[in-house]
1. Give the residues of the range 27-41 that are touching a Phe, Trp or Tyr at 6+ places or on another chain (Cβ under 9 Å) and either more than 10 Å from the ligand (Cβ to nearest atom) or among the β-branched types (V, I, T) (or both), sorted by residue number.
2. Which count do you get for residues in the range 123-140 that are within 8 Å of the ligand (Cβ to nearest atom) and not in a strand (DSSP E or B)?
3. Residues of the range 58-77 being in a strand (DSSP E or B) and either of a type outside the set (G, A, S) or buried (at least 16 other Cβ atoms within 10 Å of the Cβ) (or both), which ones?
4. I'm told L72 meets every condition in (1) at pLDDT below 95; (2) over 19 Å from the mean Cα position of the chain (by Cα); (3) under 24 Å from L202 (Cβ atoms); (4) not polar (S, T, N, Q) except one. Can you identify the failing condition by its number?
5. On the basis of being more than 9 Å from the ligand (Cβ to nearest atom) and touching a helix residue (DSSP H, G or I) at 6+ places or on another chain (Cβ under 8 Å), does A150 make the cut?
6. Report the residue count in the range 174-186 for those that are part of a loop (DSSP other than H, G, I, E, B) and either charged (D, E, K, R) or in contact with a Phe, Trp or Tyr (Cβ under 8 Å, 6 or more places away or on another chain) (or both).
7. Among the listed residues L199, L171, L189, identify the single one that is closer than 22 Å to L112 by Cβ, part of a loop (DSSP other than H, G, I, E, B) and within 15 Å of the ligand (Cβ to nearest atom).
8. Just for the range 95-124: of the residues that are more than 30 Å from S182 (Cβ to Cβ) and surrounded by 17 or more Cβ atoms within 10 Å (Cβ to Cβ), which one is farthest from the chain's Cα centre (by Cα)?
Amino acid sequence: MTCRRDPVITIDGPAGAGKSTTAREVARRLGFRLVDTGALYRALAWALMRAGVSPEDEQGVGALLARTTVELADMGDDGGADGGAGWRVLVNGRDVTAEIRTPEIALTTSRLTALRAVRDKMTPLQRGLAAAGGVVLEGRDTGSVVCPDAEVKVYLDADLTERARRRRDELAAHGLPADYESVKAEVALRDRQDMERELAPLRKPPGAVTVDSTALSTEAVVLRILDAVEQARCCTRS
Ligand code: DC
């Protein structure tokens, strides 16, 4: 009575829906690995900004991709800059985990992720990280493009006003205070960029469970996801 392998869980949704906190907690409780795909894309954006290359400069981006490696390094349970999740994101071996959390990096990342060359590099990398199972992938296209055959797919959503409030609090917690209206405008702009792009746009993957976190605690969201995992495990037991 065993499963083929531990399941793959994907959690997609717009900025500020609570994906990071939820995914981290789900992974911790299940003892699964967490793959924050946004962090991988942010790391590329960091490399781009550092090299002074614009996301519109496709040749420049291509050249940068060819000479840049992005990795998630597992640090066990004692992670720090990642909020205790136990991983670091490295660009050519350099730890950029803390530096990739600024609004500027977020907006550049959103533009960068619309490019085919960028997704062609990162999608196989993410699939490789998920291949053995026992993984929680978190992002915008993890259930629709990266792992459409994941055992559990979640679309985590929340109202824009609530997402902007959460994002403002999160920035403040990282020592980056910002006023609510500008955070809300930034979140709305990212929603548009992420949902309207041609390539791997943010949308609910077929077969995904939608969870609206607007009025739910993190604990309630986590329990719903663990419940879906338990149901999927029952279905795949033979
Ligand atoms: O989740 P985040 O804020 O760290 O994501 C940063 C940006 O990267 C965001 O604009 C969406 C984009 N992204 C993406 O296009 N595909 C993913 N799988 C993850 C993130």
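The values are calculated or read from the model by the stated rules, or taken from the named source; none is laboratory data. Note that the coordinates shown come from a computational prediction; the quantities given were computed from them, not determined experimentally. No Cβ is skipped: glycine too gets one built from the backbone with ideal geometry, and neighbour counts run over all protein chains shown.
1. Taking the range 27-41 and keeping what is touching a Phe, Trp or Tyr at 6+ places or on another chain (Cβ under 9 Å), we get 33-36, 39.
Residues satisfying the conditions are R33, L34, V35.
2. 2
3. V70, E71, L72, D74
4. Of the numbered conditions (1) at pLDDT below 95; (2) over 19 Å from the mean Cα position of the chain (by Cα); (3) under 24 Å from L202 (Cβ atoms); (4) not polar (S, T, N, Q), the odd one out for L72 is (2).
5. When the stated conditions are applied, A150 passes them.
6. The total comes to 1.
7. After applying the criteria, what remains is L199.
8. Looking at residues that are more than 30 Å from S182 (Cβ to Cβ) and surrounded by 17 or more Cβ atoms within 10 Å (Cβ to Cβ), I get K121.
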